[in-house]
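Enquirer: This structure is in structure tokens; I'll ask about it shortly.
The values are calculated or read from the model by the stated rules, or taken from the named source; none is laboratory data. Everything numeric here is computed off the predicted structure, so don't read it as measured data. Note: ideal-geometry Cβ built from the backbone for every residue, glycine included; neighbour counts use all protein chains shown.
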Amino acid sequence: MFEPGFPMTLFCNCRLGGSTLTLLLIVLGVTILGVTMTGLVDAQDPGASGTSNTTDAATAESSDTQTFVKQLDQKLDGVDASELPALSLLVARDGEVIYRRTIGLADLENEKAATAKTKFRIGSITKQFTAAAILRLVADEKLTLDDTLDQFLPTFSRGDEITIHHLLTHTSGIPSFTETAEFWQRVSQPTTDADVIASFQGLPLSFKPGTKYHYNNSGYFLLGHIVAQVSGKTFGDYLQDTFFQPLGMTDTGIHSPDLNLENEARGYSLQDDSFQPALNWHMSQVGGAGAMYSTVDDLMLWNEAVFSGQVLTSDLREKAFTPYQNGYGYGWLIGEHRGLRTISHNGGLNGFVSSLIRYPDQNLTVIALHNASPSVPEMTPESVTRKIAELFLDAEMEPPVVHQVDSMVTTEILARYVGRYDYGVAVLVVTLEDGHLFAQLTGQGKAEIYPKSETEFFWKIVDASVAFQINAEGLCTGAKHTQNGQTMDVRRLPDHVVVELPSEILDRYVGVYDYVQAKMTIRRDGDRLLAKLGTQPELAILPENKTKFHWQVVEASIEFDVDPNGGVSGATHTQGGHQFKVLKIKEEEPK
């Protein structure tokens, strides 16, 4: 619900991300169209474990399309998905499905193959529906885009300065509640709108409304609440009556464990080279920001209805597709891909990643749904959808950009850029190793970035670049990241002091700490400490002094409570401007 996109923001790369560059930023190596995985799946047997092939080439009218479909099938035939989470794909052109295929497993434990009917949580793709619901209420003259938040929530701090337009465009300045540690302490529990809103309505604004862009789940949660308040229905019922039922979207809704859905994918996270059950969100925690589930076919129905005028009037659709700040419209991201316009959104939460992209001038839609996050790079939906689009649209696209490496950039210049950069819900760590610069985003792998000048660098594994900003003193203060036709400013985070500590001090902190909804286990590995929260990846924590440690891949720290005798009773965790206490769980005395 990522996007660009992952705390417990701390410890995961899954932030209801969908639109910014964070989650989709660095693909770990090759994509599915340059697959390195080995093995051959019998693509003709829909019942075979790990694959369900429902390719619909009959709708393909041209020989070119049939050729592309065959090529895509050949690519997927090379993927051994018999033990992997599922990837469900659909391609449509001119309103007709030209490709549909699902590989992998909906349920790893029971070896249940996924099909095109498998339901996935779609994260921030929900924002399209939330925005469309607001615009339908505008069309019905039940609210306006200039209405202020205090008209719906009179006690909301500075609500008289925040408009519906600000909420839709991520320019409200309200802190995003999914970036707080408190959110991750309760994410698996059912909640109410009132409790979620209470968790952030008193926080100071991050900036004056309308002046900046910051991808914001708080805004879309509020919009979902406003839809319910104005319509007199629950948010889910309004979507059902207004969109799902009229459009025939029978496999779509607001997710709840009480539904006991059939054909539902389970979510997984890649940890230590194996897939484990992911942290299971209760979707009442995110509402209009990302609570929906759907299938590739239902999303195709939705997308065609949006672009054919069944969902919004032409003037409101034009407003929705207007790029305001950072290319974001009302629930849709407006960008470009090798010279072609794109209108899209991605979604991400623990265990699920999704991508829905439209090439409006070519009437091409590509959809990918996946039930794992973090996952293997070959299954990354955002990169998969774009690679598939390149297969079908290559002749209409501009040639891929080919960067020339500047071999004259010295190690001294490269060293200026070593540090950490704030990507909103993730941190990009830049390191210098053997004369080469590497970049690693929270939850993703390390990849080399190559100089095309003294300040500009590019990735070879994905179409992205970064231009470092140098001040008058020659110090790097931030960067501009460019990808998919969008550019975002990122600031350099302060450097942490790192000290060396003897093993006897490190051993004090080894143990289990109670984070309420999960336990964090800290262990010593040689001369460093590793921390693992629940089912999330194990990450190093680095000492600033004898009691305070920090994470490098996210802006968070932990300071241990040490008594005069060296005993440790707990710690204070700091993240996202918030602090909370955690207790160390005492070891049981041997009997």
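Enquirer: Are any residues in segment 357-370 over 13 Å from the mean Cα position of the chain (by Cα) and surrounded by 24 or more Cβ atoms within 10 Å (Cβ to Cβ), and if so, which ones?
Expert: Result: I357, R358, T365, V366, I367, A368.
Enquirer: Continuing with the same structure: Taking the stated definitions as given, is L391 within 20 Å of K75 (Cα to Cα) and at pLDDT 95 or above?
Expert: no
Enquirer: Take D258 and tell me if it is under 30 Å from A113 (Cβ atoms), modelled with pLDDT under 95 and of a type in the set (D, E).
Expert: Yes: the conditions hold for D258.
Enquirer: Condition first: closer than 27 Å to P374 by Cα, modelled with pLDDT under 95 and among the small types (G, A, S). Can you find one or more residues in segment 482-494 that meet it?
Expert: Yes - at least one qualifying residue is present in segment 482-494.
Enquirer: Just wondering, is there one or more residues in segment 288-300 that are touching a Pro at 6+ places or on another chain (Cβ under 8 Å) and either at pLDDT 95 or above or within 24 Å of P537 (Cβ to Cβ) (or both)?
Expert: Among the residues of segment 288-300, not one is touching a Pro at 6+ places or on another chain (Cβ under 8 Å) and either at pLDDT 95 or above or within 24 Å of P537 (Cβ to Cβ) (or both), which makes the answer no.
Enquirer: On the basis of being of a type in the set (A, V, I, L, M) and in the same structural domain as L223 (by TED's automatic domain parsing), does L340 make the cut?
Expert: Criteria not met by L340.
Enquirer: Taking segment 60-91, which residues are farther than 19 Å from E382 by Cβ and either of a type in the set (K, R) or in a helix (DSSP H, G or I) (or both)?
Expert: S63, D64, T65, Q66, T67, F68, V69, K70, Q71, D73, Q74, D77
Enquirer: When A439 is evaluated against the numbered criteria (1) aliphatic (A, V, I, L, M); (2) over 30 Å from I357 (Cα atoms); (3) under 25 Å from the mean Cα position of the chain (by Cα), which criterion, by number, is the only one it fails?
Expert: (2)
Residue-wise test of (1) in contact with a helix residue (DSSP H, G or I) (Cβ under 6 Å, 6 or more places away or on another chain); (2) within 13 Å of I122 (Cβ to Cβ); (3) basic (K, R).
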position	(1), (2), (3)
G287	yes, no, no
A291	yes, yes, no
W302	no, yes, no
T322	no, no, no
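Enquirer: Could we say that K584 is touching a Ser or Thr at 6+ places or on another chain (Cβ under 8 Å), over 21 Å from V499 (Cα atoms) and modelled with pLDDT of 90 or more here?
Expert: Against the criterion (touching a Ser or Thr at 6+ places or on another chain (Cβ under 8 Å), over 21 Å from V499 (Cα atoms) and modelled with pLDDT of 90 or more), K584 qualifies.
Enquirer: A follow-up question, please. Pick out, from segment 441-555, the strands (runs of 3 or more DSSP E) lying fully within it that include 1 or more residues that are small (G, A, S).
Expert: 446-451, 464-470, 476-483, 511-514, 528-533, 539-543
Enquirer: Is at least one residue of segment 518-533 at pLDDT below 95 and under 21 Å from the mean Cα position of the chain (by Cα)?
Expert: Yes - at least one qualifying residue is present in segment 518-533.
Enquirer: Still on this model: May I ask you to list pairs of residues, at least six apart or on different chains, whose Cβ atoms are under 8 Å apart, with the first in segment 476-504 being under 29 Å from Y359 (Cα atoms) and the second being in a loop (DSSP other than H, G, I, E, B) and of a type in the set (D, E)?
Expert: From residues that are under 29 Å from Y359 (Cα atoms), the pairs are Q483/D463; N484/D463.
Enquirer: Got a sec? Which of L432, L437 is surrounded by 15 or more Cβ atoms within 10 Å (Cβ to Cβ), touching a Leu at 6+ places or on another chain (Cβ under 7 Å) and in a strand (DSSP E or B)?
Expert: L437
Enquirer: Name the residues in segment 546-577 that are in contact with a helix residue (DSSP H, G or I) (Cβ under 7 Å, 6 or more places away or on another chain) and surrounded by fewer than 16 Cβ atoms within 10 Å (Cβ to Cβ), would you?
Expert: Scanning segment 546-577 gives K546, G566.
Enquirer: Can you go through V230, V311, V286 and tell me which one is among the β-branched types (V, I, T) and either surrounded by fewer than 22 Cβ atoms within 10 Å (Cβ to Cβ) or assigned by TED's automatic domain parsing to the domain that holds A518 (or both)?
Expert: Being among the β-branched types (V, I, T) and either surrounded by fewer than 22 Cβ atoms within 10 Å (Cβ to Cβ) or assigned by TED's automatic domain parsing to the domain that holds A518 (or both) holds for just one of V230, V311, V286, which is V230.
Enquirer: Going by the conditions given, is D298 under 22 Å from M379 (Cβ atoms) and charged (D, E, K, R)?
Expert: Answer is yes for this residue.
Enquirer: Next question. With the structure loaded, tell me whether K532 is within 28 Å of S176 (Cβ to Cβ) and basic (K, R) or whether it fails that test.
Expert: Yes: the conditions hold for K532.
Enquirer: Return the residue satisfying two criteria in turn: it lies in segment 202-223 and is among the polar types (S, T, N, Q) and at pLDDT below 95, and of such residues it is surrounded by the fewest Cβ atoms within 10 Å (Cβ to Cβ).
Expert: Selected residue: S206.
Enquirer: In segment 522-545, how many are touching a Gly at 6+ places or on another chain (Cβ under 8 Å) and under 19 Å from Q276 (Cα atoms)?
Expert: 1
The rows are residues; the columns are (1) closer than 23 Å to A228 by Cβ; (2) of a type outside the set (S, T, Y); (3) buried (at least 17 other Cβ atoms within 10 Å of the Cβ).
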| site | (1), (2), (3) |
| --- | --- |
| I125 | yes, yes, yes |
| T130 | yes, no, yes |
| T144 | yes, no, no |
| V187 | yes, yes, yes |
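Enquirer: Regarding F457, is this residue over 27 Å from H550 (Cα atoms) and either surrounded by 13 or more Cβ atoms within 10 Å (Cβ to Cβ) or in the same structural domain as S176 (by TED's automatic domain parsing) (or both)?
Expert: yes
Enquirer: Among the numbered conditions (1) more than 24 Å from R136 (Cβ to Cβ); (2) over 24 Å from the mean Cα position of the chain (by Cα); (3) crowded, with 18+ Cβ neighbours inside 10 Å, tell me where L259 comes up short.
Expert: (3)
Enquirer: Scan R491, R524 and give me the residue that is touching a Leu at 6+ places or on another chain (Cβ under 9 Å) and of a type in the set (K, R).
Expert: R524 is the lone residue from the list that is touching a Leu at 6+ places or on another chain (Cβ under 9 Å) and of a type in the set (K, R).
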